[in-house]
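I have placed the structure first, in the form of structure tokens, so that the comments after it can refer back to it.
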Amino acid sequence: MPPLFKGDYMKPIGLYIHIPFCNGKCPYCDFYSVTPQCDTVEKYVNALCREIDKTNGIYDTVYFGGGTPSLIGSDNIAKIMSYIRRTENCEATLECNPSDTGAVDSDFDFKKIAQSGINRISMGLQSADNKERSVLGRRGGCEDVKRAVTRARNAGIDNISLDLMLGIPGQTAESLKESIRFCKEMKAKHISAYILKIEEGTPFYAKKDTLSLPGEDETCDLYLTAVDELENAGYKQYEISNFSCEEFESRHNLRYWRSEEYLGIGASAHSFVDGKRFYYERSIDNFINGTPPAYDGEGGDEEEYIMLALRLTEGLIFKNFKNRFGHSLPENIFSKADTLQKHGLIKIDGKSISLTVKGFLVSNSVISSLI
């Protein structure tokens with residue numbers, strides 16, 4: 001069991017809550033999720049409250065991920081939030097499906113969740129082109145997104161993040177630019193722009209040979225287009241796939257990339273506490289029945305720290321590395337970085353090593369060659 005469950009761990013950390021319910025699984029998604037049943041949702045919410053209460057932790061970031069967290073309803077979100085001890089400036093994010101929360105007849109109450117402490121919303125736009133949304137299995141259209149954003153903002157939640165996807169079947173540079181223009185018009189504070197990855201076991205994987213996916217070079221061009229267009233629209237890149245207005249970076253996700261501590265609660269959720277990793281099984285029944293998280297080994301070593309830090313545009317900061325591990329960055333890292341810098345993949349200055357935009361395109365290879 002994580003030390004946090006002892007009830008004597010008072011340092012503020014992050015809290016991730018997994019809501020594994022979806023009305024329908026998108027063809028590219030491989031996250032753990034199931035179709036909700038009324039009694040199962042109630043039991044699951046009660047189990048979340050039980051486990052949160054058991055930790056006695058205090059949190060300065062909270063993130064409801066899924067699945068589709070908004071699917072359990074505003075009353076249940078508010079109930080779970082009432083069990084969470086939060087710092088005064090806690091960032092509390094809820095992932096929402098705009099086709100549910102933005103539907104004309106939606107009864108989702110943004111005011112109720114705002115009063116409960118939710119102050120940040122993340123919505124899966126994926127594309128402002130309704131044909132591209134349809135290919136991705138997204139229900140509803142851009143009008144639903146507009147209504148959901150307006151409802152959240154009217155409830156006092158102005159910190160809104162929209163997800164975009166790159167490399168969608170049939171996507172062009174112009175349709176991508178239109179999606180970015182839409183995000184700007186919605187006055188989103190944060191944009192996540194992910195390259196579509198065809199995961200094994202998904203419907204897209206089963207028919208990958210018949211999908212009209214952009215080629216590798218085209219996908220790279222779409223990524224570079226996204227970086228340029230988002231920067232021109234006022235969004236600063238701070239991580240491989242994340243862009244924000246000034247001071248609107250996702251504080252919770254920065255925890256992951258800076259190897260900071262977080263507790264994950266819910267079926268399939270992972271934790272990183274006191275240098276150790278834990279996880280709950282991918283089973284709603286086991287979670288409801290109180291099966292404790294399993295130990296998943298040590299975490300946060302030098303190699304992992306370097307790998308995660310290099311996902312950020314700030315890169316691997318030498319001072320932070322030394323403060324954490326008690327010694328300077330190994331010299332062999334610098335010699336490898338010199339070679340990569342000559343190829344335009346890395347930047348080195350007196351304070352840090354960071355990847356260039358070109359380096360981000362091949363980040364796995366670049367980071368592997370360094371460590």
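The values are calculated or read from the model by the stated rules, or taken from the named source; none is laboratory data. Remember, it's a predicted structure, so these values are computed and weren't measured experimentally. Note that we place each Cβ from the backbone using ideal geometry, even for glycine, and neighbour counts take in every protein chain shown. Just the protein is used for accessible areas: all its heavy atoms, side chains included, with ligands, DNA and RNA removed. Shrake-Rupley method; radii C 1.70, N 1.55, O 1.52, S 1.80 Å.
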Quiz item: Using a probe of 1.4 angstrom, how much of the accessible area of the chain is carbon and sulfur, in percent?
Solution: 47
Practice problem: Can you tell me how much longer the chain between Ser335 and Asp217 gets when fully stretched, taken as 0.36 nm per residue apart minus their C-alpha distance, in nm with one decimal? | Solution: 39.5 nm
Quiz item: Taking Cα pairs under 8 Å and at least six residues apart, what relative contact order does segment 290-371 come out at, in percent?
Solution: 30
Quiz prompt | Heavy atoms of Val227: accessible area, 1.4 Å probe, square angstrom to 10 | solution = 10
Self-check item: For peptides 349-355, 190-196, sequence by mean Cβ density within 10 Å, most packed first
Solution: 190-196, 349-355
Quiz item: Which whole-angstrom value gives the distance between the alpha carbon centres of segment 62-131 and segment 216-275?
Solution: 19
Self-check item: Lys347 accessible area, 1.4 Å probe, all protein chains in place, Å² to nearest 10
Solution: 110
Exercise. Express the accessible area of segment 222-371 per residue in Å², computed with a 1.4 Å probe while the remaining protein chains stay in the model.
Key: 48
Quiz item: List the lysines whose alpha-carbon lies under 29 Å from that of Lys112, not counting same-chain residues fewer than 8 positions away?
Solution: Lys11, Lys25, Lys43, Lys54, Lys79, Lys146, Lys184, Lys187, Lys189
Exercise. Could you work out the relative contact order of the chain, using alpha carbon pairs under 8 angstrom and six or more residues apart, expressed as a whole percent?
Key: 15
Quiz prompt | Where Asp144, Asp75 fall by accessible area, highest first, once all protein chains stay in place (1.4 Å) | solution = Asp75, Asp144
Quiz prompt | Straight-distance crosslink candidates among aspartates and glutamates, where the alpha carbon sits under 14 Å from Lys236 and sequence neighbours closer than 8 are dropped | solution = Asp228, Glu246, Glu247, Glu249, Glu314
Self-check item: Label-to-label distance, nm, for residues given as Glu298 and Ile58 (7 Å Cα→Cβ offset)
Solution: 3.1
Quiz item: Which length gain, in nm to one decimal place, applies between Ser328 and Ile348 when the Cα-Cα distance is subtracted from 0.36 nm times their residue separation?
Solution: 5.7 nm
Quiz prompt | Largest to smallest accessible area among Arg282, Arg258, Arg133 [probe 1.4 Å] | solution = Arg282, Arg258, Arg133
Quiz item: Over segment 117-194, what is the relative contact order in whole percent, taking alpha-carbon pairs under 8 Å and six or more residues apart?
Solution: 41
Practice problem: Place +1 on the Cβ of every Lys and Arg and -1 on the Cβ of every Asp and Glu in segment 108-177, take the dipole about the Cα centre, and give the residue among Ser116, Val149, Leu136 whose Cα lies farthest towards its positive end. | Solution: Ser116
Quiz prompt | Mean accessible surface per residue for segment 26-144, computed with a 1.4 Å probe while every protein chain stays in place, in Å² | solution = 41
Self-check item: Potential extension, Thr35-Glu88 segment - 0.36 nm per residue separation minus Cα distance
Solution: 15.6 nm
Quiz item: Hey, can you rank 110-123, 286-299, 47-60 by average C-beta count inside 10 Å, highest first?
Solution: 110-123, 47-60, 286-299
